[in-house]
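**Q** Have a look at this one.
Here, each number is a calculation from the coordinates, and none is a lab measurement. Here the structure is a predicted model, which is why all the values come from computation and not from measurement. A quick note on method: Cβ atoms are made from the backbone with ideal geometry, for glycine too, and the neighbour counts reach across all protein chains shown.
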Amino acid sequence: MTFAETEFCQGPCPAGWTYHNRRCFQYVSEAASWLDAEIHCLHHGGNLASEGSEDDHAFLKELQSHNGDSAKPFWIGLSDVHKEGTWLWSDGNHVDFTKWNSGEPNNVNDEDCVHSNYGGQKDWNDVACTNSYPYICSLYY
């Protein structure tokens, strides 16, 4: 999917949010820790974004690119903070789809949270939850 193929519309979403596959998404360019990002999303009635398909993955990257930050990694709602090696989405969705970069997840220095759009592959990487990155919130409509 290229930017030219992706249509961004508000649809039934609140102002500043973008509709895609029965969910509303908001890219937040202000960097925050994973926990602070999740709390921000919760305050708006959602969670950090989950990815259930290649289409979701491509959409999130296009949403970020549309907002002018295509080179930066961003938080998604995946973590293994509760049990090492058991990856869970913060919105409760099952982890049926993964898009790890080669060699990931590697848990170097106790990495429990996941950002996307990282490295040469621009896919998922586990990283310390205290790092600060932009993020994408999602809510079900």
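**Q** So what are the ³J(HN,Hα) numbers for the stretch 64-75, from phi and the Karplus equation (6.51, -1.76, 1.60; θ = phi - 60°), rounded to whole Hz, Gly and Pro as x?
**A** Computed from phi, the couplings for the stretch 64-75 are 5, 4, 4, 8, x, 10, 4, 8, 8, x, 9, 5 Hz.
**Q** Would you work out the relative contact order for the stretch 21-141, in percent, from Cα pairs under 8 angstrom that are 6 or more residues apart? Each step should come with its number before you reach the end.
**A** On the way: 232 pairs, mean separation 50.9, N = 121.
Across the stretch 21-141, relative contact order equals 42 percent.
**Q** Do any GluC sites (Glu not before Pro) in the stretch 60-141 lie in a DSSP loop with no more than 16 other beta carbon atoms within 10 Å, and if so, which?
**A** Passing sites in the stretch 60-141 are E84.
**Q** Related question: Quick one: P(r) of the chain from all Cα-Cα pairs, 5 Å bins, percents rounded to integers, in order of increasing distance.
**A** Result, from short to long distances: 2, 11, 22, 26, 22, 12, 5, 1, 0 percent.
**Q** In sequence order, what are the phi-derived ³J(HN,Hα) couplings for the stretch 54-60 according to the Karplus relation 6.51 cos²θ - 1.76 cosθ + 1.60 with θ = phi - 60°, rounded to whole Hz, with x for glycine and proline?
**A** 4, 4, 4, 4, 5, 4, 4
**Q** Continuing with this model, one more query. If amide hydrogens are placed 1.01 Å from N in the peptide plane, which non-local residues have theirs closer than 5 Å to the one on W100?
**A** W124
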